[in-house]
Amino acid sequence: MDNTPYSERLSLLYGLCLAETGQLKSPDDMPPHDAQDAASYLACYITFQAIQELGRSPAEDREHDFDMLSVYQAFAMLVFVYLTLPLGEEGIAPDISEGAIVIARTLFGELSDEELAECVESGARKFQLVGDAELEHLANYRQDLDKACIAFVIAGTDDDAPFDKEEIVPLFGTMLGMLCEAFSG
């Protein structure tokens, strides 16, 4: 692996994913951004991919199981945190609160402001529960999600990676499914 700074890897992957989804026509069209913007987008991208992998529909969940949207929010925030942790080595400290709002607006743009606030607050509580839990299975979950996030960045930005980022998406689907199960009921 080369010595490309992690923030540049996030930026590159952000551009690649924008291009993949048709939101970017050429590299010259790349919107101005920082590492936090890239991580916010990538957290949403990964979460959307995981939701699709599970065959779930946020629109249906909004109608029949609104609380599930906060599970998606919590998952996206966990991904965001794990994507941004290595930025500390470059002296970059992302704003978690701002990231939560950007992620919620991106994931759930069709929600009213009141519904969006409810989703962010409930997602933050779930995020905190998972983050603070000392149970071994949740510690393992956090560790596995951290590894999956870093593997995704490496796979998407290193031509010599032994796997493609698409090969990691089913893992994110499984991990989101575990979180959905933990908070369903």
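The values are calculated or read from the model by the stated rules, or taken from the named source; none is laboratory data. Quantities reported herein were computed from a predicted structural model and do not represent experimental measurements. Virtual Cβ from ideal backbone geometry, glycine too; neighbours counted across all protein chains shown.
Scanning the range 99-117 for residues that are assigned to a helix (DSSP H, G or I) and either without any contact (Cβ under 8 Å) to a residue 60 or more places away in the chain or among the small types (G, A, S) (or both) turns up G99, A100, I101, A104, R105, D113, E114, E115, L116, A117.
So that you can scan it fast, the table gives a plain yes or no per residue for (1) surrounded by fewer than 15 Cβ atoms within 10 Å (Cβ to Cβ); (2) farther than 22 Å from P86 by Cα; (3) of a type in the set (A, V, I, L, M, F, W, C):
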{"position": "A100", "(1), (2), (3)": "no, no, yes"}
{"position": "L111", "(1), (2), (3)": "no, yes, yes"}
{"position": "V120", "(1), (2), (3)": "no, yes, yes"}
{"position": "R125", "(1), (2), (3)": "yes, yes, no"}
{"position": "V130", "(1), (2), (3)": "no, no, yes"}
{"position": "A139", "(1), (2), (3)": "yes, no, yes"}
{"position": "D158", "(1), (2), (3)": "yes, no, no"}
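Comparison of A124, A133 shows that the only residue that is modelled with pLDDT under 95 and more than 26 Å from N3 (Cβ to Cβ) is A133. All of Y41, Y82 fail the test of being in contact with a helix residue (DSSP H, G or I) (Cβ under 9 Å, 6 or more places away or on another chain), more than 18 Å from R105 (Cα to Cα) and either crowded, with 21+ Cβ neighbours inside 10 Å or modelled with pLDDT under 90 (or both), apart from Y82.
Could you list, in sequence order, the residues of the range 39-60 that are part of a loop (DSSP other than H, G, I, E, B) and free of Cβ contacts under 8 Å to residues at least 12 places away in the same chain? Correct list: G55, S57.
Suppose the filter is touching a Lys or Arg at 6+ places or on another chain (Cβ under 7 Å), aliphatic (A, V, I, L, M) and part of a helix (DSSP H, G or I); does A74 pass it? Spelling it out, A74 is indeed touching a Lys or Arg at 6+ places or on another chain (Cβ under 7 Å), aliphatic (A, V, I, L, M) and part of a helix (DSSP H, G or I). Restricting attention to the range 3-38, the residues being surrounded by fewer than 13 Cβ atoms within 10 Å (Cβ to Cβ), touching a residue at least 24 places away in the same chain (Cβ under 8 Å) and either touching a Cys at 6+ places or on another chain (Cβ under 8 Å) or assigned to a helix (DSSP H, G or I) (or both) number 0. Residues of the range 118-169 that are part of a loop (DSSP other than H, G, I, E, B) and not aliphatic (A, V, I, L, M): E134, D158, D159, D160, P162, F163, D164.
If only residues of the range 160-178 that are of a type in the set (A, V, I, L, M, F, W, C) and touching a Phe, Trp or Tyr at 6+ places or on another chain (Cβ under 6 Å) are counted, the one that is surrounded by the most Cβ atoms within 10 Å (Cβ to Cβ) is L176.
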